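Okay, so here's the structure we're looking at.
The values are calculated or read from the model by the stated rules, or taken from the named source; none is laboratory data. Please read all numbers here as calculations on a predicted model, not as lab measurements. Here Cβ is always computed from backbone atoms with ideal geometry, including for glycine, and neighbour counts include all displayed protein chains. Accessible surface areas use protein heavy atoms only, side chains included; no ligands, DNA or RNA. Shrake-Rupley method; radii C 1.70, N 1.55, O 1.52, S 1.80 Å.
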Amino acid sequence: MKFIVVLSLAVSLLGRDPVRTRKAMVVAQEPIATDVGVEILKRGGNAYDAAVAVSFALAVTHPTAGNIGGGGFALLRTASGEANFIDFREKAPAKASRDMYLDAQGKPTRDSVVGWKASGVPGTVRGLALLHKKYGLLKWRDVVMPSVKLARNGFVVSYALARGLRGGERLLGQFPESKRLYLKQGNFYEAGEVIRFPELAKTLERIAKRGPDEFYQGVTAKLLAAEMAKNGGMVSEEDLKSYQAVERKPILGSYRGHEVIAAPPPSSGGIGMLQMMAMLERLDYAKAGMGSAKHAHLLAETMRRYYADRSQFLGDPDFVKIPLKGLLDPKYIASRADSISLDRATPSGELKHGPLPAEESEETTHLSIVDEKGNAVSLTYTLNGGYGSGVTVSGLGFLLNNEMDDFSAKPGAMNMYGAMGGEANAIAPGKRMLSSMTPTIVTKDGKLALVIGAPGGTRIITGVMQAILNVIDFKLNMQDAIDAPRMHHQWMPDKLYLERGWSPDTIEILKKLGHNVETGTPAVSNVHGILVEDKWLQGAPDGRSNGKAAGY
Ligand code: GLY
């Protein structure tokens, strides 16, 4: 008995309780936005109303990634069990061309990362409108107006926001409107000050009154296209007018008795997670022992194999044929898993994408919401890098994405996340760039079990998967599963990135196995999740972030 008391004390000292509620839960990366979501639910809105309201609120309170100038994905499961995926990923403008980011020597330039040329056609407003129209209960105006009020009346700058804005100085300082709005002309916002965004308030109010067409065909569209043309950007009125968000079928898979509802392409995350989980199940990962060298080795080797496939096969399904069946074929998975040695790391240089069996025929933000009825949504959206391209459109008050960098500027070239892309992800007008965003929902025996996702570039896929595995395999609560130290491998560069918290003994063994270990890695994504267990909802923002879980 004494032993049990001591043990449970040790566990509670190590761990952190999630927020627990009975009925509804909102988890988002910024606390004011979480509160907006809870308020919407209490006013009779459902999870989808709340997701739209939280997303618009994040566009004000979390400018590094919350946006109306970017794009993303929403994965949802209704209380009746219908699963759907809304793709509002940005698209390459009509003027885009395959080699547009190569200099005279054929080397990739920084134009895909910084400035007006870096932006794809934004999808956020269309995507949120589609989610709301198809699944929401409240009026559109009611879900957009909280963000208008936040932008107009202002809100108190948190320590995290003040630090984040300062961190964005090098990028934001290059563009006069961004410097004025976010950096106070170089005087910087301090925690505790009130920050206001009057131009953004007006833009959002027009969207609240006139609907999404305002962004794509109204005053906003005209102003955005005119500023683009003036500054050498590519997005035109025609690009905006023709942009549509689309519904896609989620990919379904399983892991150790759980059903996994995963994001389809142009997300690379769903396929990746299902491939890696299938290999891990075959390799008996659950028995590896949490924190052991075997745990990290098996993860690294499966990650390495998936990312080799990712670079070769994945892109926009509207433009390239994705060998989905082949990538998830049990025989193929078995051959990939069986090529893993327990005694030696596979050098990435020795590993290529697999020969598939013939077929029969990067700063981002995330929110997870479950409502009283059991409707669930996992929504990830982004400007790509923190503060996107750094450009704020004069008079409109919002930042633009630098999502064009998620294309492969040329086969074999690395993007800002070090991800290598191939032909399948080459630039073409109207094409969606490949994404790592991995909103995911897990069910058990047909009942909702987990709603989860993350920002973090290529580290999203591995971060989300590790949090899910920590729940299923190591029986951690939602908060501990998310806070536990993570690792990442993406084939190229051939490095095993370890966050702080891995034991020195484990690290030594991994080095002996031949892994190129890099320790002290910055956060491997920021996972935000909800676990449904014993009629309780466990809400957990990532302990690495300033996020908040709240509900009732
Ligand atoms: N922009 C990060 C991603 O979509 O993967």
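Kindly indicate whether any position in the stretch 446-455 is more than 16 Å from the ligand (Cβ to nearest atom), assigned to a loop (DSSP other than H, G, I, E, B), farther than 18 Å from Asp17 by Cα and open to solvent by 10 Å² or more (accessible area, probe 1.4 Å). There is at least one residue in the stretch 446-455 that is more than 16 Å from the ligand (Cβ to nearest atom), assigned to a loop (DSSP other than H, G, I, E, B), farther than 18 Å from Asp17 by Cα and open to solvent by 10 Å² or more (accessible area, probe 1.4 Å). Test Arg336 against the stated conditions and say whether it is away from the ligand (no atom under 16 Å from the Cβ), open to solvent by less than 10 Å² (accessible area, probe 1.4 Å) and among the basic types (Lys, Arg). So Arg336 does not fit the description; no.
Looking across Leu252, Leu274, Leu299, one residue alone is open to solvent by 10 Å² or more (accessible area, probe 1.4 Å) and either within 16 Å of the ligand (Cβ to nearest atom) or assigned to a helix (DSSP H, G or I) (or both). It is Leu274.
Test Gly315 against the criterion of being assigned to a helix (DSSP H, G or I), within 16 Å of the ligand (Cβ to nearest atom) and touching a helix residue (DSSP H, G or I) at 6+ places or on another chain (Cβ under 6 Å), and give yes or no. In short, no. Determine the pairs where a residue that is over 15 Å from Leu274 (Cα atoms), located within the stretch 448-464, has a partner that is among the aromatic types (Phe, Trp, Tyr) and within 16 Å of the ligand (Cβ to nearest atom) with Cβ atoms under 6 Å apart, the partner being 6 or more residues away or on another chain. Going by the 6 Å Cβ cut-off, the qualifying pairs are Gly457/Tyr417; Thr458/Tyr417.
Filtering the stretch 425-439 to residues that are of a type in the set (Ser, Thr, Tyr) and not in a loop (DSSP other than H, G, I, E, B) leaves only Ser435.
If you go through the stretch 519-526 one residue at a time, do you hit one that is in contact with a Lys or Arg (Cβ under 6 Å, 6 or more places away or on another chain), open to solvent by 10 Å² or more (accessible area, probe 1.4 Å) and within 16 Å of the ligand (Cβ to nearest atom)? Yes - at least one qualifying residue is present in the stretch 519-526.
So that you can scan it fast, the table gives a plain yes or no per residue for (1) closer than 18 Å to Thr458 by Cβ; (2) at pLDDT below 95; (3) more than 16 Å from the ligand (Cβ to nearest atom); (4) open to solvent by 10 Å² or more (accessible area, probe 1.4 Å):
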position	(1), (2), (3), (4)
Ala358	no, yes, yes, yes
Ile369	no, no, yes, no
Glu372	no, no, yes, yes
Tyr381	yes, no, no, no
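With respect to (1) among the small types (Gly, Ala, Ser); (2) part of a helix (DSSP H, G or I); (3) within 15 Å of the chain's Cα centre (by Cα), the lone exception for Ser378 is condition (2). Among the numbered conditions (1) part of a loop (DSSP other than H, G, I, E, B); (2) open to solvent by less than 30 Å² (accessible area, probe 1.4 Å), tell me where Ser97 comes up short. Unmet condition: (2).
Please report, ordered by residue number, the strands (runs of 3 or more DSSP E) entirely within the stretch 9-90 with at least 3 residues that are within 26 Å of Val260 (Cβ to Cβ), at pLDDT 95 or above and more than 15 Å from the chain's Cα centre (by Cα).
Working: elements: 19-21, 25-28, 71-77, 83-88.
Counting at least 3 such residues, we get 19-21.
Screening Gly514, Gly501, Gly430, Gly446 for residues that are among the small types (Gly, Ala, Ser) and modelled with pLDDT under 95 leaves exactly one candidate, Gly501. In summary, Ser435 fulfils each of the numbered conditions (1) within 12 Å of the ligand (Cβ to nearest atom); (2) open to solvent by 10 Å² or more (accessible area, probe 1.4 Å); (3) within 18 Å of Ile251 (Cα to Cα) with the single exception of condition (2).
On the stretch given as the stretch 256-271, residues that are open to solvent by less than 10 Å² (accessible area, probe 1.4 Å) and either more than 20 Å from Val377 (Cα to Cα) or assigned to a helix (DSSP H, G or I) (or both) total 3. Taken over the stretch 482-498, residues that are touching a helix residue (DSSP H, G or I) at 6+ places or on another chain (Cβ under 7 Å) and part of a loop (DSSP other than H, G, I, E, B) amount to 7.
Quick one: which of Gly390, Gly386, Gly395 is open to solvent by 10 Å² or more (accessible area, probe 1.4 Å), away from the ligand (no atom under 12 Å from the Cβ), in contact with a Leu (Cβ under 9 Å, 6 or more places away or on another chain) and part of a loop (DSSP other than H, G, I, E, B)?
Working: Gly390 fails: open to solvent by 10 Å² or more (accessible area, probe 1.4 Å); Gly386 fails: away from the ligand (no atom under 12 Å from the Cβ).
Being open to solvent by 10 Å² or more (accessible area, probe 1.4 Å), away from the ligand (no atom under 12 Å from the Cβ), in contact with a Leu (Cβ under 9 Å, 6 or more places away or on another chain) and part of a loop (DSSP other than H, G, I, E, B) holds for just one of Gly390, Gly386, Gly395, which is Gly395.
Exactly one residue among Arg305, Arg310 is closer than 30 Å to Asn516 by Cβ, in a helix (DSSP H, G or I) and open to solvent by 10 Å² or more (accessible area, probe 1.4 Å), and that residue is Arg310.
Residue by residue, here is whether (1) touching a helix residue (DSSP H, G or I) at 6+ places or on another chain (Cβ under 9 Å); (2) within 28 Å of Thr443 (Cα to Cα); (3) outside any loop (DSSP other than H, G, I, E, B) holds:
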residue: Asp480; (1), (2), (3): yes, yes, yes
residue: Arg500; (1), (2), (3): no, no, no
residue: Ile509; (1), (2), (3): yes, no, yes
residue: His515; (1), (2), (3): yes, no, no
residue: Asn526; (1), (2), (3): yes, yes, no
residue: Leu531; (1), (2), (3): yes, yes, yes
residue: Gly543; (1), (2), (3): yes, yes, no
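Filtering the stretch 398-416 to residues that are crowded, with 24+ Cβ neighbours inside 10 Å and either more than 15 Å from the ligand (Cβ to nearest atom) or of a type outside the set (Gly, Ala, Ser) (or both) leaves Phe398, Leu399, Leu400, Asn401, Asn402, Glu403, Met404, Asp405, Asp406, Phe407, Asn415. Just one residue in the set Asp239, Asp284 is crowded, with 16+ Cβ neighbours inside 10 Å and out of contact with any helix residue (DSSP H, G or I) (no Cβ under 7 Å at 6 or more places or on another chain); that residue is Asp239.
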